[in-house]
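Student: Right, I'll just put the structure down here and ask away after.
The values are calculated or read from the model by the stated rules, or taken from the named source; none is laboratory data. Values in this document were obtained by computation on a predicted structure and should not be read as measured data. No Cβ is skipped: glycine too gets one built from the backbone with ideal geometry, and neighbour counts run over all protein chains shown. Please note that ligands, DNA and RNA were not included when accessible areas were found on the heavy atoms of the full protein model with its side chains. Shrake-Rupley method; radii C 1.70, N 1.55, O 1.52, S 1.80 Å.
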Amino acid sequence: RPPWEAFGAAVCTTVALFLTAACTCDLTAGKRTGIAAACQELRSASADAWGAKRYAQALNFSGAAILQDFDDLYESCPEHIQGYLKNTFNDLKRDLVLHNGAANRLFMSLFGLPEMLAEAEAWLSSVGHHYVWYVAWPSLALIACCCAAVCATIAIAEHAGSRVAKRCERFQPPCVSVFLIAPGMLLVALAIGAELSAGIKLSAFCMHADARTLEYAEATLGNGSFGANMTRYYIRGPRHGQNQALVDLREAEDQIRSSVAWMVKYRGSLERTCPRWQSSVVTNNLQTLLFSLNESWTFLAPPRAYGHYFAAVYQFGCGSIVSGLGWLVVCQMLLLLGCIPLFVCAASCLMRALMVEREVGHRFDVLPVDEEYAHQPNPGVVYQP
């Protein structure tokens, strides 16, 4: 009797482990806990840096526009009012000049930081795409092709004609083993080696993740640059680095505060005293400036920046990606060393049994005959001496 039960058990075991490896590979590269999720965090951090840089430039533009608005306001007032407002306007304009200087320094302190984060995201995406689509998935596809070829030989032996089955018995199993299964197992072993090497390198990075990240920032931006100091500040805290961007942002906010307070206090009086002055223009510029300040604080907030770093490095890179890569290697090793040899052996035994059954055919056993009944003469038959 052909051992269909053993072959079915081998097939179920191989399919279950193959699906486990496929799910592990998908989770390692997925958007929730895998490489794509880490890339998304780096992309969000880069977008925040770009946003802070744009709003720093907007602070400078808004400050220059408010300076022009104050000049227009001064010129639109009567001469006796101009003499009264001259000293006040000079103080306000001095504060605005200091604000513009702080906004310009804020813009320069963010130089190179968005580009560094974008390069890190592009590198991680490229490496992840290489290992997932050129190493992990092809190795699993190769295992599936080997199993499908073996199942095809079983189908031919079971359902093909006797002449075709006889020819396939001599040529098909050796050809499948030599030209498909053996090279496939070798390539899968090389893929496992590449994945294991990547896992070792990632684990070595995770042992000193903060130090390696700071080394990358210092090598990219310069050891004493504003960007390197900001990276050190966000990763290790205020004691290990200075965040020049937050210092400049706070100075810009302090310098503009006097102008905002003065405008809120004297806007109504100025509208009555200087009727040609258009208060809506300076009001819009001040609102734009205050909005840029608030958005800059949001983008540069330490909890927000460190949240992106922690999620990308510790939660995904050193967490789910390392564990997923390890489980993927384990599943592929079990497939390579356990399931595929067991599957091939079960298929070989089944094919041999099927060929023997085909050669012998369906035989009928002779029914047993009672000896006493066999020696009794038949009354309807005449025996001649």
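Student: Summarise the accessible area of the chain (1.4 Å probe, protein heavy atoms) by the percent that is carbon and sulfur.
Tutor: Here carbon and sulfur together make up 62 percent of the probe-accessible area.
Student: Are any of the pairs Lys53/Lys86; Lys31/Lys201; Lys86/Lys265 more than 25 Å apart by Cα-Cα distance, and if so, which? Working shown, then result.
Tutor: Details: Lys53/Lys86 34 Å; Lys31/Lys201 22 Å; Lys86/Lys265 17 Å.
Beyond 25 Å between Cα atoms: Lys53/Lys86.
Student: If you build the convex hull over the alpha carbons only and average its shadow over all orientations, what do you get for the chain? Give it in nm² to one decimal.
Tutor: Computing the convex hull of the Cα atoms and averaging its projections yields 37.0 nm².
Student: I'd like to compare 235-241, 138-144, 184-190: which one has the highest average count of other Cβ atoms within 10 Å, and what's the full order after that? Display every interim value, and only then the final one.
Tutor: Details: 235-241: 13.1, 138-144: 19.0, 184-190: 16.1.
So the order, starting with the most tightly packed, is 138-144, 184-190, 235-241.
Student: Where the only charges are on Cβ atoms (+1 Lys, Arg; -1 Asp, Glu), what is the dipole of the chain about its Cα centre, to the nearest 20 debye?
Tutor: That gives a dipole near 500 debye.
Student: I would also like to ask the following. Over region 1-88, what number does the Rg to Rh ratio reach, with both radii from the alpha-carbon atoms and Rh per Kirkwood?
Tutor: My calculation of the ratio gives 1.73.
Student: Same structure again: Charges on Cβ only, +1 for Lys and Arg, -1 for Asp and Glu, centred on the Cα centroid of region 175-305; of Gln255, Leu221, Ile235, which one is farthest towards the dipole's positive end?
Tutor: Checked the options; the winner is Gln255.
Student: Ordering Phe18, Phe343, Phe310 by accessible area with a probe of 1.4 Å, largest first, what comes out?
Tutor: Phe310, Phe18, Phe343
Student: At q = 0.13, 0.17 Å⁻¹, what log₁₀ I(q)/I(0) does a Debye calculation on the Cα points of region 80-214 give, no solvent, two decimals?
Tutor: Debye output, listed in q order: -0.82, -1.02.
Student: Oh, and also: Projected onto the charge dipole of region 1-124 (+1 at Lys/Arg Cβ, -1 at Asp/Glu Cβ, origin at the Cα centre), which of Thr24, Phe107, Ile35 gives the Cα projection farthest towards the positive end?
Tutor: Among Thr24, Phe107, Ile35, the one farthest towards the positive end of the dipole of region 1-124 is Thr24.
Student: Have a look at Leu98, Ala45, Leu202 and report the one farthest towards the positive end of the charge dipole of the chain, computed about the Cα centre with Cβ charges (Lys/Arg +1, Asp/Glu -1).
Tutor: Of the listed residues, the answer is Leu98.
Student: Sticking with this structure for a sec: With every protein chain present, what is the per residue accessible area of region 33-120 (1.4 Å probe, Å²)?
Tutor: 46 Å²
Student: To continue, here is another question. About the Cα centre of region 77-152, how large is the charge dipole given +1 on each Lys and Arg Cβ and -1 on each Asp and Glu Cβ? Please answer in debye to the nearest 20.
Tutor: The calculation lands at about 140 debye.
Student: Okay, next question. Net charge near Ala122: determine it from the other residues with C-beta under 15 Å of the C-beta of Ala122, scoring Lys and Arg +1 and Asp and Glu -1.
Tutor: -3
Student: For the chain, what does the helix formula give at 222 nm: sum of -39500 (n - 2.57) over DSSP H segments with n ≥ 4, over the residue count, nearest 500 deg cm²/dmol?
Tutor: -27500 deg cm²/dmol
Student: Would you check the accessible area of Glu253, probe 1.4 Å, heavy atoms only, in square angstrom rounded to 10?
Tutor: 50 Å²
Student: Which residue fluctuates most in the GNM of the chain (Cα springs below 10 Å): Phe70, Phe107, Phe226?
Tutor: Phe70
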